[in-house]
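Notes follow the structure.
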Amino acid sequence: MAYKYIILGSGRQGTAAAYDLAKFGDAGQIILADFKEDAATQSAARINRLIGREVARGIFLDVSDYPSLVSCLKGMDVALSAVTYYHNLNISRACIESGVSLCDMGGNTDVVWSQLELDAEAEKAGVSLLPDCGMGPGLINNMGVYVMDALDTPREVYLYDAGLPCDPTPPWNYYCTFHLNGLTNEYDHEATFIRDGKITLVPSFTELEEIDFPPLGKLEAFVISGSMSTTADTHLGKLDRYENKVLRYPGHFVTFEGYKRLGLFSEEPIEVDGQTVIPRHFYHKLLEGKITAPHVEDICIMRAVGVGLKDGRETRVTLDLIDQYDPVTGFTGMERLTGWHCALMMGFQARGEVAPGAHRMETVPAAKIMDELTRRGIKWTVNIES
């Protein structure tokens, strides 16, 4: 059966999702809708060129124009919100009104909780809402569930993930492959973990440790926010410990933690020589071009470690996943793992494998997700030690 998909936002992740839907999602039609119509048209042309058939087309859409949004959604099977998170609640309502299922990339847990409150309305409309997809908080927490399912009695889960340049260039040794403000948000707030069986808030840029992750060797791991979303609440009462850390090349922690301590992440205006300055805007202006680039060849690494009992024995399950820039399609590892995770979830929704209602993405069966990644050629391994 051929399905109709609409992607709201034709940037990097939206384009990657559209490609995956065309190749693996039984797509009969894909609409890329963007405030910048030229960008949507170019994205659609790229998909058609890569796939070898006219499956995608680009259109103009301002997602803040609710009537226009509803009009564009009608007749589609599944939508993806690849726009800024603060649109997602209204997009959810528009999808319910239009009878279209929705997948999105999260970005703000308060917004996600509000979307989940639409469960009864979505169920009545016969559509599914699935926020928080993508590499994180989506895939990394699905991997967490996978290692939990591999144990009879899981007790602890430790998650690690990163998108890093294949060839790090000093002095930064890092390139941001998504919006700079998203990176700063992750570095600026608190993470929501489970510690001693209780919800625990842990500040970002704390608990530095060293992790060995072949083929990259020794990496820094430390706490950032944004990767847990609803998952700590979901696993509360099942685990003593559940947490996530980001991975970076050595030296990153001390540099960016210093920027945070200096106050450069602040959004509160200050006076400088009679001028009003927002420190974060000034910081981003200085940083842009130094850790951003139009073309990045990256490697994405993800690890989930589960500790508990299996067959009555203390067991440690480690799931490692590595993906990187693909020179054939031009998609980065970050685009593949983010956009493709959304797309495979949209395929589940289109085929009715996700029931009507609003769902936490971590409740979708993890084994099915990992099987879909294998079908796409993404490599992962499991090691079990007792």
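What follows draws every value from the coordinates through simple rules; no lab data is involved. None of the values given here were measured: they were computed from a predicted structure. FYI the Cβ positions are ideal-geometry reconstructions off the backbone, even for glycines, and counts take in every protein chain you see.
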Quiz item: Once both labels are modelled 7 Å past Cα along the beta-carbon direction, what's the S386-S71 spacing in nm?
Solution: 6.3
Quiz item: With a sphere of radius 10 Å drawn around the Cβ of N142, what net charge do the other residues whose Cβ falls strictly inside it have (Lys, Arg +1; Asp, Glu -1)?
Solution: 0
Quiz item: When ranked by the protection proxy of mean other Cβ atoms within 10 Å per residue, highest first, what sequence do the peptides 11-19, 226-234, 208-216 form?
Solution: 11-19, 226-234, 208-216
Self-check item: Inter-probe distance in nm under a simple model that places probes 7 Å from Cα toward Cβ, at S114 and D212
Solution: 4.7
Practice problem: Measure off 7 Å from each Cα along the Cα-to-Cβ vector at R241 and I59, then give the distance between these two points in nanometres to one decimal. | Solution: 5.1
Self-check item: Mean Cβ count within 10 Å, highest first, over the residues of peptides 97-105, 289-297, 50-58
Solution: 97-105, 50-58, 289-297
Quiz prompt | Calculated Cα extents along the principal axes in Å (choose from [x] 76, 50, 40; [y] 67, 50, 41; [z] 55, 46, 42), label | solution = [y]
Quiz item: If you take the square roots of the eigenvalues of the alpha-carbon gyration tensor of the stretch 3-132 and sort them as a ≥ b ≥ c, do you get rounded (a/c under 1.5), prolate (a/b over b/c) or oblate?
Solution: prolate
Exercise. Mind jotting down the distance between the C-alpha centroids of the stretch 50-112 and the stretch 320-345, whole Å?
Key: 21
